[in-house]
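These notes concern the structure reproduced below.
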Amino acid sequence: MPKVDFFNPKYQRESSRQDECFGIIDDGVVAYSVTEQDRTKDAWDVTVNNHNKKDCIFTPIDHNIVLKDNDMEISQCDGMLRTNDNNYLIFVEVKSQRHNADSEALKQLDSTIKIFIDNHSVTDWKIRRAYIVNKPHPNFYYSNKTTYLDFYKRTGFRIYKSETIEIK
């Protein structure tokens, strides 16, 4: 796997924000965060409830931190959300299709987190999560309990399937 510094300033990353509520949108180019002043909540793929107004930084990954292995682009998730106090580290993948969306999202999250772990210490963050967001198809069609437990054992990140991220 290639070496990469996810925090390198050469990659696009947003300024720290302390909004109590903001959204994340994946428009197919580069994911980004917004407030209701920018776009209505209906347009958001993900809602982030930041009740304590912690400093949050969103970094788009897909189409921003492009990594290749043997000249093939490595599939990665849409973005990373973290708090400046090293409390939360969250990876997010947004999908909109029904067929194989969860398994595809899980592969992208797994790939991104593996690369992150190979290059950074995840023990710096107390809460490590990965979100699969599929607004048009939010329900599971079968139990993923075993798959998600295996993912946690392998990566140390808990999987959530939700349109809402809670930062407390």
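The values are calculated or read from the model by the stated rules, or taken from the named source; none is laboratory data. What you are looking at is a predicted structure, and each value in this text was computed from that prediction instead of being measured. Backbone-built Cβ (ideal geometry, glycine too); neighbour counts: all protein chains shown. Ligands, DNA and RNA are stripped out before the accessible areas are found, and what is left, the full protein with its side chains, is counted by its heavy atoms. Shrake-Rupley method; radii C 1.70, N 1.55, O 1.52, S 1.80 Å.
Evaluate the following for V133: is it surrounded by 21 or more Cβ atoms within 10 Å (Cβ to Cβ), in contact with a Gly (Cβ under 8 Å, 6 or more places away or on another chain) and over 18 Å from P9 (Cα atoms)? Quick ask: steps written out before the conclusion?
Numbers: surrounded by 21 or more Cβ atoms within 10 Å (Cβ to Cβ): yes; in contact with a Gly (Cβ under 8 Å, 6 or more places away or on another chain): no; over 18 Å from P9 (Cα atoms): yes.
So V133 does not fit the description; no.
Close contacts from the stretch 20-31, counting a first residue that is at pLDDT 95 or above and a second that is among the aromatic types (F, W, Y) and assigned to a loop (DSSP other than H, G, I, E, B), with Cβ to Cβ under 8 Å and a gap of 6+ residues or different chains, come to G23/W44; I24/W44; I25/W44. Residues that are open to solvent by 70 Å² or more (accessible area, probe 1.4 Å) and either small (G, A, S) or in a helix (DSSP H, G or I) (or both): does the stretch 38-54 have at least one? So far as the stretch 38-54 goes, yes, one or more of its residues are open to solvent by 70 Å² or more (accessible area, probe 1.4 Å) and either small (G, A, S) or in a helix (DSSP H, G or I) (or both).
Close contacts from the stretch 74-94, counting a first residue that is farther than 19 Å from K168 by Cβ and a second that is in a strand (DSSP E or B) and among the basic types (K, R), with Cβ to Cβ under 8 Å and a gap of 6+ residues or different chains, come to I74/K68. Residue under question is D5, and the condition is that it be of a type outside the set (A, V, I, L, M), at pLDDT 95 or above and touching a strand residue (DSSP E or B) at 6+ places or on another chain (Cβ under 8 Å); does it hold? No: the conditions fail for D5. Would you mind finding the one in I57, I115 that is on the phi < 0 side of the Ramachandran plot, assigned to a strand (DSSP E or B), open to solvent by less than 30 Å² (accessible area, probe 1.4 Å) and touching a residue at least 12 places away in the same chain (Cβ under 8 Å)? Answer to the selection: I57.
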